[in-house]
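**Q** Provided herewith is a single structure, encoded as structure tokens, for subsequent inquiry.
Every read-out reported here was derived from the displayed coordinates using simple, explicitly stated rules and does not represent laboratory data. All of these numbers come straight from a predicted model, not from anything done at the bench. Virtual Cβ from ideal backbone geometry, glycine too; neighbours counted across all protein chains shown.
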Amino acid sequence: WGGLVLNMRRPPLDELNFRKALQLLFNRPLFLDKIYRGKHRAVAGPFAYQSEYSANLEPVLFDPGKAEELLKKIGYSKVGDDGIRFKTVQGKDGQKTNQRAAVTLLYASEANLKWATVFKEDATKKGVEVNLQFTEWTSASKLLDEFQFDLFPLGWAEDPVPSPANQFRGRISMDVGSSNRSGLNDPRINQLIDEIPAVFDFGKRQKLFQELERLIVDAQPYVFTSVQKEHLVGYWKDKIDPSSRPFLPYSGMVERNPFWIRWAAK
């Protein structure tokens, strides 16, 4: 699955309703049609779609009007001469400053520019500034490791059984180089991540995973975007017998029992 990870450690992304507004400003139908030409589908959360572990939530709809309402609700009711919303906040020193509804979308692949430009335009129409910043992967990786970013497009490969600890466990959220890129740190999410591996009752395990996914999605650590509908596998037809069903019909890491384990050599 893929999406835009949101750095929840700093404003304005530390506010839930601001993160929700970004979800509503992302035009998934256009993204899927123009960028992936129907080969991806919208995804609502991090667990495998239609699996027994997923809550199978509905993807967020494109709704700029609702996004605007949420922005006003959290104080972004004023609009500057540049068309960008702002609100007045008081710092720890007692000084009042104007905090603009502005974020920077860091990206490391030129392929992201097309959809990122559309996202920027849709956000600007509702008073949210999305600055686009291209950086080579080596530099981008360092910025991610040190939490010096706002938004960044990421994709994850998962096992059929979810393993969300690396992305969402709170105790690693402030570790430099952590895979918990968003900084999510929720007590109940942490508790479930720790408890689920020891639950062997399948029905109970399902329910706990579903609760976990709902909580993750409620926290909005990502703008969840899409997942591939299917994967293609190439094989050497003179040496592999494809009539035997693969051990697991998933592509990805070696740890997943790669497809050739159960395919017999001729």
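**Q** Excluding residues on the same chain fewer than 8 positions from Lys96, give the lysines whose Cα lies under 21 Å from its Cα.
**A** Excluding near neighbours in sequence, the set is Lys72, Lys73, Lys78, Lys87.
**Q** I've got another one for you. Rg (Å, one decimal) plus Dmax (Å, integer) for the alpha carbons of the range 177-230?
**A** Radius of gyration, then largest Cα-Cα span, for the range 177-230: 13.0, 35 Å.
**Q** Something else now. Would you please put 156-163, 89-96, 105-112 in order of how densely packed they are, using the mean number of other Cβ atoms within 10 angstrom per residue and starting with the highest?
**A** Top of the packing list down: 105-112, 156-163, 89-96.
**Q** To two decimal places, what compactness ratio does the range 125-233 give when its Cα radius of gyration is scaled by 2.2 N^0.38 Å?
**A** It is 1.24.
**Q** In addition: Let me have the 222 nm mean residue ellipticity of the chain computed from DSSP H runs of 4+ only, each contributing -39500 (n - 2.57), with the sum over all residues rounded to the nearest 500.
**A** Using -39500 (n - 2.57) per qualifying helix, the result is -8000 deg cm²/dmol.
**Q** Okay, moving on. Could you check which residue among Phe168, Phe202, Phe147 shows the biggest mean-square fluctuation in a GNM of the chain with a 10 Å Cα cutoff?
**A** Its mean-square fluctuation being the largest, the pick is Phe202.
**Q** About the Cα centre of the range 1-113, what is the dipole size in debye to 20, counting +1 per Lys and Arg Cβ and -1 per Asp and Glu Cβ, all else neutral?
**A** Once rounded to the nearest 20, the dipole reads 180 debye.
**Q** Further question on the same structure: Using only Cα atoms, tell me the angle between helix 202-219 and the longest principal axis of the chain; keep it within 0 to 90° and round to the nearest 10.
**A** 30 degrees
**Q** How many angstrom lie between the C-alpha centres of the range 15-37 and the range 59-138?
**A** One Cα centre to the other: 13 Å.
**Q** Right, here's the next one. Restricting to the range 1-143, what percent of DSSP beta bridges are antiparallel, rounded to 5?
**A** Antiparallel: roughly 55 percent of the beta bridges in the range 1-143.
**Q** Relative contact order, percent, of the chain when contacts are C-alpha pairs under 8 Å separated by at least 6 residues?
**A** 26 percent
**Q** I've got another one for you. For percent of Cα pairs over 33 Å apart, one of (1) 38; (2) 52; (3) 27 was computed from the structure I shared and the rest are decoys. Which label?
**A** (3)
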